[in-house]
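> Got a structure for you, written out below as structure tokens; questions coming shortly.
Read-outs throughout are calculated quantities, based only on the coordinates presented, and are distinct from any laboratory measurement. Only a predicted model underlies this, so the values are computations on that prediction, with no experimental measurement involved. Cβ coordinates were reconstructed from backbone atoms using ideal geometry, including for glycine residues, and neighbour counts include every protein chain displayed.
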There are 2 protein chains.
Amino acid sequence: MKLLEDRIRQDGLVLPGDVLKVDAFLNHQVDPELMQAMGEEFGRLFKDEHITKVLTVESSGIAPAIMTALALKVPMIFARKHKSLTLTDNLYTAQVYSYTKRVNNDISIDKRFVDDNDRVLIIDDFLANGQAVKGLMEICQAANVEIGGVGVVIEKSFQKGHQMVLDAGIHLEALASVASLADNQVTFVDEL
Amino acid sequence: MKLLEDRIRQDGLVLPGDVLKVDAFLNHQVDPELMQAMGEEFGRLFKDEHITKVLTVESSGIAPAIMTALALKVPMIFARKHKSLTLTDNLYTAQVYSYTKRVNNDISIDKRFVDDNDRVLIIDDFLANGQAVKGLMEICQAANVEIGGVGVVIEKSFQKGHQMVLDAGIHLEALASVASLADNQVTFVDEL
């Protein structure tokens, strides 16, 4: 998505350790018109997947997910992160390891909001090692819910999340696919 | 806002301890068309306030805030919650006490995203004791930013947050104002 690639080039910051900081427009300060355009693009990309719910995880996934849900005219659910719970009877729960924070968190959704008639689109801001998306996929499996696709705003295609989603046979779309962050430069896959 | 009051009556759950659970459409599963309608309503209510940024706090404020920012054509910033930090040089930070979780958390925003030319609209899902809104107001004060208004989706007008915002001389709008949750019944202020 050219609009997004241009914005990453303009306002993204590349930091040591292959970190791409996009807090000026995506995950701290957020550009609502860009989010709307991205939601419409996800809507177009997944329009034939018969999606009944959009699923994301708090917090950075919420803005793109709500705009995607608006485009597809379906509800959005955001999984909540928390320390491991003892009472989980009414929740579908998965464990997610955060490489940036180096902690395990549980994520969960309430069982009332999905059932085996649902076909879910997973949306997130980043796909890198794929831990958050893997957790959401595990929740879908536990809920016996079909996954109609995974849509991420930015993927780092050189990390393992990309292949993990493809290996699961899932329709994957990234609005911007980063091939390299070497030498403090963003190189997109479609520039190679 | 009649659309919202009807939805609260239909899908809200009143639990012991004056808890109104609206996780079916607002803060876990989220109805995107309702969020859009609410964002447009906040846009209308604050259209003369010369708002330059919408400010909220993760996570439940993000969906209504991004739709409000879209209506007002300004950026949205969501403050992040975390345990108390040692390094806060580049952050505006405030402490927020959560009555439901009984813990203190810091919330913060990056100093790069506001300056003294800004006039901010604070948006949140709930106004009850007003701790989150108070924290956001403190951040605005520290940043020397004017507050053009506070917009909340649901307020419990019988708790102290409502008066706290008014006492600060701030333009307050609630899309649904709950007067009482006695006897497991929602009574709105405009029904009294």
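> Between copies, how close do the A:Gly17 label points come, placed 7 Å along Cα→Cβ, listed in nm from shortest?
Listed shortest first, these distances are 3.7 nm.
> Here's another thing I want to ask about it. Scan around A:Val54 for amide H atoms under 5 Å from its own, H built in the peptide plane at 1.01 Å from N, and keep only partners 5 or more places away or cross-chain.
Under 5 Å from the amide H of A:Val54: A:Met76, A:Ile77, A:Leu121.
> At 0.36 nm per residue, minus the direct Cα-Cα distance, what do B:Lys160 and B:Asp115 gain on full extension? Give it in nm, one decimal, please.
Fully extending the segment from B:Lys160 to B:Asp115 adds 13.2 nm.
> Further question: Output ³J(HN,Hα) for region B:67-78: one whole-Hz value per residue in order, computed from phi by the Karplus curve 6.51 cos²θ - 1.76 cosθ + 1.60 with θ = phi - 60°, and x for Gly and Pro.
6, 5, 4, 5, 5, 8, 6, 9, x, 10, 10, 10
> Let me know the charge dipole size of chain B about its Cα centre in debye, to the nearest 20, where only the beta-carbon of Lys, Arg (+1) and Asp, Glu (-1) is charged.
Values: 19 positive and 28 negative charges, 103 e Å.
So the magnitude is around 500 debye.
> To continue, here is another question. Can you give the charge dipole size of the protein assembly as shown about its Cα centre, rounded to the nearest 20 debye, using +1 on the beta carbon of Lys and Arg and -1 on the beta carbon of Asp and Glu?
840
> Write out the chymotrypsin sites (Phe, Trp or Tyr not before Pro) in region A:43-103 meeting two conditions: DSSP loop, and at most 12 other Cβ atoms within 10 Å of their Cβ.
Sparse-neighbourhood loop chymotrypsin sites (Phe, Trp or Tyr not before Pro): A:Tyr99.
> Note down the nm distance, to one decimal, between modelled labels 7 Å out along Cα→Cβ at B:Ser84 and at A:Asp18.
It is 3.7 nm.
> Please identify the trypsin sites (Lys or Arg not before Pro) of region B:132-192 that satisfy two criteria: DSSP loop assignment and at most 11 other Cβ atoms within 10 Å. Which are they?
In loop regions of region B:132-192 (DSSP not H, G, I, E or B), there are no sparsely surrounded trypsin sites (Lys or Arg not before Pro).
> For a quick check: sort B:Ser108, B:Ser98, A:Ser60 by the number of other beta carbons within 10 angstrom, fewest at the front. List each step's numbers first, then the result.
Details: B:Ser108 21, B:Ser98 13, A:Ser60 25.
Fewest-to-most Cβ neighbours within 10 Å comes out as B:Ser98, B:Ser108, A:Ser60.
> Test of understanding: ordering A:Phe113, B:Phe42 by Cβ neighbours within 10 Å, fewest first, what list do you get?
A:Phe113, B:Phe42
> Output, in nm with one decimal and in ascending order, the distances from the A:Asp183 label point to the matching label points of the other copies (7 Å from Cα along Cα-to-Cβ).
7.5
> A further question on this structure: Under 28 Å between alpha carbons, and skipping anything fewer than 8 positions from B:Lys73 in its own chain: which lysines qualify?
A:Lys2, A:Lys21, A:Lys47, A:Lys53, A:Lys73, B:Lys2, B:Lys47, B:Lys53, B:Lys81, B:Lys111, B:Lys134
> In nm, what is the difference between 0.36 nm times the number of residues separating A:Asp183 and A:Glu40 and their Cα-Cα distance?
Working: separation 143, 0.36 × 143 = 51.48 nm, distance 3.31 nm.
Between A:Asp183 and A:Glu40, full extension yields 48.2 nm more.
> Out of region A:1-109, which trypsin sites (Lys or Arg not before Pro) are coil in DSSP terms and have no more than 16 other C-beta atoms within 10 Å?
Working: sites: A:Lys2, A:Arg7, A:Arg9, A:Lys21, A:Arg44, A:Lys47, A:Lys53, A:Lys73, A:Arg80, A:Lys81, A:Lys83, A:Lys101, A:Arg102; in loops: A:Lys47, A:Lys73, A:Lys83, A:Lys101, A:Arg102.
Sparse-neighbourhood loop trypsin sites (Lys or Arg not before Pro): A:Lys47, A:Lys73, A:Lys83, A:Lys101, A:Arg102.
> Mind listing the phi-derived Karplus ³J(HN,Hα) values for region B:39-54, rounded to whole Hz, using 6.51, -1.76 and 1.60 with θ = phi - 60°, and x for any glycine or proline?
After applying 6.51 cos²θ - 1.76 cosθ + 1.60, I find x, 5, 5, 4, x, 5, 5, 10, 5, 9, 9, 6, 6, 10, 8, 9 Hz.
> Classify region A:40-171: rounded, prolate or oblate, from the alpha-carbon gyration tensor (a ≥ b ≥ c, eigenvalue square roots; a/c under 1.5 rounded; otherwise prolate if a/b is larger than b/c)? Numbers along the way, then the final one.
Numbers: a/c = 1.57, a/b = 1.12, b/c = 1.40.
Oblate.
> Over the Cα atoms of region A:1-71, compute the convex hull volume and normalise it per residue, giving Å³. Intermediate values should be presented prior to the final figure.
Values: hull volume 7.2 nm³, N = 71.
Taking only Cα atoms, region A:1-71 has a hull volume of 101 Å³ per residue.
> Taking the Cα centre of chain B as the origin and placing charges on Cβ (Lys, Arg +1; Asp, Glu -1), which of B:Phe188, B:Ala94, B:Gln131 is farthest toward the positive end of the dipole?
Final value for the positive-end residue is B:Ala94.
> Using the charge dipole of region A:2-191 (Lys, Arg: +1 at Cβ; Asp, Glu: -1 at Cβ; taken about the Cα centre), state which of A:Gln141, A:Ile62, A:Asn105 has its Cα farthest towards the positive end.
A:Asn105
> Give the distance, in whole Å, between the Cα centre of region B:125-192 and the Cα centre of region A:83-119.
What the calculation gives is 31 Å, centre to centre.
> Let me know the Kirkwood hydrodynamic radius for the protein assembly as shown, please, with Cα pairs as the basis and the value in Å to one decimal.
Values: mean 1/r = 0.0470 Å⁻¹.
Final number for the Kirkwood radius of the protein assembly as shown is 21.3 Å.
> Among B:Asp89, B:Asp124, B:Asp115, whose mean-square fluctuation peaks in a Gaussian network model of chain B (Cα, cutoff 10 Å)?
Its mean-square fluctuation being the largest, the pick is B:Asp89.
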